[in-house]
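Undergrad: Below is the structure I would like to discuss, written out as structure tokens.
Values in this text are rule-based calculations from the coordinates and carry no lab data. In this text, all values refer to a predicted model and were calculated from it rather than measured experimentally. Positions of Cβ are backbone-derived with ideal geometry, glycine not excepted, and every protein chain shown enters the neighbour counts.
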Amino acid sequence: MMNRRNGVRILLAAALVLLGVYLFVSGKQHQMFVDNMAVEIEGKAYAPEAAVRVAFDGGEPLELASGDRDVTQVVGPRHSVKVEVLNESGDVVKTLEGEFRWVSTKKSMFSVPAFLGGAPSPMIDSPVAE
Amino acid sequence: MKALTTKEKIQHFLISNAVPIIFILMSAVAIPLSGFSPTYLVQEMLIRLARNSFLVLSLIIPIVAGMGLNFGMVLGAMAGQIGLILVSDWAVVGMRGLLLAALIGTPISVALGYICGAVLNRAKGREMVTSYILGFFVNGIYQLTVLYAFGKLIPISNAELVLSRGYGIRNAINLAGMRHGLDYLIPLRVGNLNVPLGTYLTIALFCLFIVWFRRTKLGQDMRAIGQDMGVAGAAGIPVEKTRIIAIIISTVLACYGQIIFLQNIGTMNTYNSHDQAGMFAIAALLIGGATVSKATIPNVFVGVILFHLMFVVSPMAGKQLMGQAQIGEYFRVFVSYGIIAISLALHAWKRQKDRERARRSLRGEA
């Protein structure tokens, strides 16, 4: 028999399950590759920059030359990124900031050229899945 | 009733606070011998107070309900560890990881607390030894689960957690992703000292909860049961149900306490971390001046500080005094665990003395 007390209990249990799901999604740490290689997305080619400095969620920046690939850890589904394009002497010539969403483990590679070129999503297939 | 003389008052105070006084005297001797700087000791105490206080506070409610020292708190500690193992496997990090571990540990600790409470209701008057043995029993089930079910029945995808044979959890789990997740949630630095403010705020909330809880109907029922189960039952209080609730609350809080403890340390010893949780917490509470039948919030903090002060200074004092740190460590272990026996003996002696004094004063003798 569904009385008021049981109803409250079911609602509370459902709220706790939802809280668990939220904590899982928002607190999950992902291993993300950061790639500065030429890439083609939906028929459009994106060329790499000679040198870039990339920082995710205000963390320690990674420096990548053309053709470089590195790995970092990000937490949660939404991320901010700051990409600085460097010239030969290491000075910043262009800065681009933006946000992106984590897609899946299969698409766990952040393509710097795609981000700088304004691709719909900078997340591309990870090296494992290629 | 005859009023106590000054001599009797002093005697009563010394008897009531014998354990903390012994520890304060021992610390007063050991601190200068250890040669540690005051800043180092204060930093250590700040960290250790944050690490242990929640676990020790979880012991108060069963004492209020007259169930003595809840050695069964290791059940809650095991539930917390199961939560931490799963969260480590899922790679959920930081404060969210700790909350998720607590969320997973809560239903497990409620179930274990219920079982513990039901068993203790069948062993009234012998709650402490029963809960102690129950801890061993559930430890067996925990070891079986973690050693065989994890990786086989419960999927574990992180190879770093699983034993090389393909199932069972490794002996040590690195909680690097959650380390100090609560401690330094709100960073605070005072001079050279790092203050784990997040944990202190949590402990403060818990203290407020205990103060509030004691004033509620349920809290008053527990106090009545703690004073006299027969009278409480005759007054219409559901004694057995209330005792089960007291143990469930204690077990759930011990689960959270173990999670706080392990996030502070940053490493989990899968098969041993929970073993010492109950013994350490009970030793600390007794050292703080609590007894089997009475424990207050100040007892918790005094006990944790004195217990851990001995932890820190004993090895170094032993080294300075006898040339070997191990001697100081042996001495600390001997004193810390001996104190549980002394406290229980002192408690029995004090109760006898109190009864004699009450009889004398009723007769009007000096």
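Undergrad: In this structure, is B:E329 exposed (fewer than 12 other Cβ atoms within 10 Å of the Cβ) and either part of a helix (DSSP H, G or I) or among the acidic types (D, E) (or both)?
TA: When the stated conditions are applied, B:E329 does not pass them.
Undergrad: Every residue in the range A:1-17 that is within 14 Å of chain B (Cβ to nearest Cβ) and either of a type in the set (V, I, T) or under 26 Å from A:S108 (Cβ atoms) (or both), please.
TA: Residue satisfying the conditions is A:V17 alone.
Undergrad: How many of the residues in the range B:200-217 are loosely packed, with under 15 Cβ neighbours inside 10 Å and in a helix (DSSP H, G or I)?
TA: Residues flagged as loosely packed, with under 15 Cβ neighbours inside 10 Å and in a helix (DSSP H, G or I) within the range B:200-217 amount to 9.
Conditions tested, residue by residue: (1) without any contact (Cβ under 8 Å) to a residue 24 or more places away in the chain; (2) under 18 Å from the mean Cα position of the chain (by Cα); (3) surrounded by 13 or more Cβ atoms within 10 Å (Cβ to Cβ); (4) in a helix (DSSP H, G or I).
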site	(1), (2), (3), (4)
A:L11	yes, no, no, yes
A:A14	yes, no, no, yes
A:V25	no, yes, yes, yes
A:M37	no, yes, yes, no
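Undergrad: Also, I was wondering about something else. Does B:A91 satisfy the criteria of being touching a residue at least 24 places away in the same chain (Cβ under 8 Å), closer than 25 Å to B:A283 by Cα and among the small types (G, A, S)?
TA: No.
Undergrad: Evaluate the range A:30-45: report whether one residue or more is within 20 Å of A:S126 (Cβ to Cβ), touching an Asp or Glu at 6+ places or on another chain (Cβ under 8 Å) and within 14 Å of chain B (Cβ to nearest Cβ).
TA: There is no residue in the range A:30-45 that is within 20 Å of A:S126 (Cβ to Cβ), touching an Asp or Glu at 6+ places or on another chain (Cβ under 8 Å) and within 14 Å of chain B (Cβ to nearest Cβ).
Undergrad: So B:Q324 clears everything in (1) surrounded by fewer than 16 Cβ atoms within 10 Å (Cβ to Cβ); (2) touching a Pro at 6+ places or on another chain (Cβ under 8 Å); (3) not aliphatic (A, V, I, L, M) except one condition, right? Which one?
TA: Unmet for B:Q324, out of (1) surrounded by fewer than 16 Cβ atoms within 10 Å (Cβ to Cβ); (2) touching a Pro at 6+ places or on another chain (Cβ under 8 Å); (3) not aliphatic (A, V, I, L, M): (2).
Undergrad: When the residues of the range B:109-132 are filtered to those that are exposed (fewer than 15 other Cβ atoms within 10 Å of the Cβ) and among the aliphatic types (A, V, I, L, M), which remaining residue is farthest from the other protein chains (Cβ to nearest Cβ)?
TA: B:V129
Undergrad: Of the conditions (1) crowded, with 16+ Cβ neighbours inside 10 Å; (2) over 14 Å from B:L46 (Cα atoms), B:L197 fails just one. Which one is it?
TA: Only one criterion in (1) crowded, with 16+ Cβ neighbours inside 10 Å; (2) over 14 Å from B:L46 (Cα atoms) is unmet by B:L197, namely (2).
Undergrad: Give me a count of the residues in the range B:238-290 that are part of a helix (DSSP H, G or I) and over 13 Å from the mean Cα position of the chain (by Cα).
TA: Residues flagged as part of a helix (DSSP H, G or I) and over 13 Å from the mean Cα position of the chain (by Cα) within the range B:238-290 amount to 15.
Undergrad: Further question on the same structure: Would you mind stating whether A:V74 is in a strand (DSSP E or B) and within 14 Å of chain B (Cβ to nearest Cβ)?
TA: Criteria met by A:V74.
Undergrad: Any idea how many residues of the range B:60-108 are among the polar types (S, T, N, Q) and away from chain A (no Cβ under 14 Å)?
TA: Matching residues across the range B:60-108 total 2.
Undergrad: Within the range B:151-169, track down each residue that is part of a strand (DSSP E or B) and over 20 Å from B:N272 (Cα atoms).
TA: The answer is B:I154, and nothing else.
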